[in-house]
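None of the figures in this text is laboratory data; all of them are computed from the coordinates on show. All values reported here derive from a predicted model rather than from experimental measurement. Cβ: placed from backbone, ideal geometry, glycine included. Neighbour counts: every protein chain shown.
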């Protein structure tokens, strides 16, 4: 008969190997059912006396499992959440089993050896696959044996094995069993080598940490045996140095790969990706950001247990950042089940580790021992805990449950804790049995549904229980045989998995695909880079939906470009540009020029010459639309319009002409100055264009004897002339439009035009002054002062006019105002003749001396009109 101390570890080892290798395949349901059945059958032999010492951790377990169930009611995917609930239920049963199953000290020692041997076996397989990549290619991505995702996740298991192995080598007492000692050395060396060649930065660092702690205990309790002493003095230090060397090389190569674009990784090709992985390709922070985004949007119930792969699709910062895990188990729990559940889970784990720490390091018996079995278990579990902050290995059901099993074995030392209420025993026992019964039922259902699918009765399997995620592909493949009600149920189950919509055939096609398009943009915006749904909306005239979805996609692309150094290819970017310009044209046509212009300007970020390639269909019949469009695109330099430059000029001329015709002098000034500054060579053309229309308006008003309207248009015309004269560089040459303005100013005054326009302007000024129209008198004399020629009387007369007005002023402020203008006019006169002139200089000197010659205006008026000569007034 086989001894019990061999049977128990053997059964445990077989189950451990199976759960490690098959726990993340569809076969896990068989293993879950086996453990649940074992728990139900052995419940009478389980020792629940420990319950009275572990009330707090079990209370936290209850809260967490309850919150997980509540979150599942609000999940975005029932099959994924069902699997997650089974995962945590299974983990709870493993923890309870570790606490309650009868185990003697010798059996625990045997367990230690068996775990190390399993590590040795898996390490050999891993090393074989590492150097036989063709064989490794046949493995699924989610496996523990080959580094398909950057590093070998077997390292997470080896971190749980390493302290146990080195304890066997350095501290166990084989009592003459040299062969057993040799086996322990060989297995531990292979395990250590496999961990070293896993090439995971976190795993290597934690391996160094574990080995350093082991070395610390070996130093305190070093053996005097020759072999063990040699292993302590030489073997273990060399192992630590090897880990430090590989870890340092990996960090250095990763750093050089970032800072030196010409750096060539000095390792064989099969190890390049493992040893020279640049730091800037690290995506964990993006995964963490996705989890945080989910917690922000779903803080109470989360997105649903086990749904991080859907969270990844929804909050994906870059199109290639695909993952099913957050690489931080605690953030992932918060994202999937809500912030409270995540916090409770973290508190539960911390409580378990703190209580285990008390057992291992703080109670009296622990201090007296050397590197005990419990110490090795705790260091192993602590490495697994630290690893869970930076990797997804706790999503391997075998890794997580083995960690809990270690903690359960440690916490069996109940004497460390205070005894609590014994009545807590019943709910723990009842809940454990209910969980076991539920898991067993689910396993039975899975086996039955699997049987139905494998015998071709897929519809019947769907009717029985469609909630196992493993059967999704089967249901998709047999979708044509589903009834409309089954397809509707299928769509309801997977409504937050967009691809499910395209496997539905017996529902109204248009309704299904319309909903699918909406779901794609909400659940996986990056998918629209390759889909044709935006084009479909544009073709069917649903511009609002197209705009909403395209904007969301562009925002995500631009955010990725700004914060993650992502660059979308030019060809694909131009697809987005053309889609947005189609929307821009639509907005321009329906009277939303601001949005249309903004979209055209946005397109320039990809193609700066977009206005040369494509003329916006601005509704130039609506001046308001045209004005709004031009104001938005105004910062753009005109040369970027290329062959459509003249179209742009024409639009500006239309707007300016409209402002002139409206009589709004502020708008006329605004557009004149804006166009002149923008184009620099259109000043004269603007002046002539405005003068042409204003001349016609004045003549029409004069013809209808509408004196008020005529004066109004002349006033506007004069302001336009001031704008023109203020910007033209050559003040010596007058154009036809200026002469025409002067003539109209004379006609409106009622004076007849004489052969000399200058005499007519002076006469008009006198007429205006006679009727106290100072404004138009000033305009007449201003135009007179601008007439070409060397007649200084024309230049000086404006100053004499201001002196006259200052004398007539009723207030001190008015008097000062006119005198200031007079000084300026005399200065302009002196500047025009490049030297002193008696009339200009004398007028200014008299004014500054306080004895202005008020009658000089009348005298000069007569001189200009030819009624007197200057000699007549020489005395």
*asked:* On a full-extension model of 0.36 nm per residue, what is the gain between residue 463 and residue 754, subtracting their alpha-carbon distance, rounded to one decimal in nm?
replied: 94.0 nm
*asked:* Sorting check: for 691-701, 560-570, which peptide has the highest mean count of neighbouring beta carbons within 10 Å, and how do the rest follow?
replied: 691-701, 560-570
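Tell me the mean residue ellipticity at 222 nm calculated for the chain from its helices only (DSSP H runs of n ≥ 4, each -39500 (n - 2.57), averaged over every residue, nearest 500). If you can, show how the numbers build up before the last one.
Values: 41 runs with 599 residues, N = 875.
Helices in the chain give a 222 nm mean residue ellipticity of -22500 deg cm²/dmol.
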*By count of other Cβ within 10 Å, fewest leading, how are 793, 394 ordered?*
793, 394
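Using the 10 angstrom Cβ neighbour count as an exposure proxy, how do 869, 497 rank, fewest first?
Values: 869 10, 497 21.
Least to most surrounded, the residues fall as 869, 497.
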*By how many degrees, between 0 and 90 and to the nearest 10, does the Cα long axis of helix 570-589 differ from the longest principal axis of the chain?*
50
*Kindly express, to the nearest 10 degrees and within the range 0 to 90, the angle between helix 623-633's C-alpha long axis and the longest C-alpha principal axis of the chain.*
60
*For the chain, how big is the tail of P(r) above 36 Å, as a whole percent of Cα pairs?*
65
*Neighbour-count ranking [beta-carbon atoms within 10 angstrom, fewest first] of 329, 810*: 810, 329
*Tilt of helix 284-297 relative to the longest C-alpha principal axis of the chain, in degrees (0 to 90, nearest 10)?*
80
*Measuring from centroid to centroid over Cα atoms, what is the spacing of region 785-855 and region 652-667 in Å?*
35
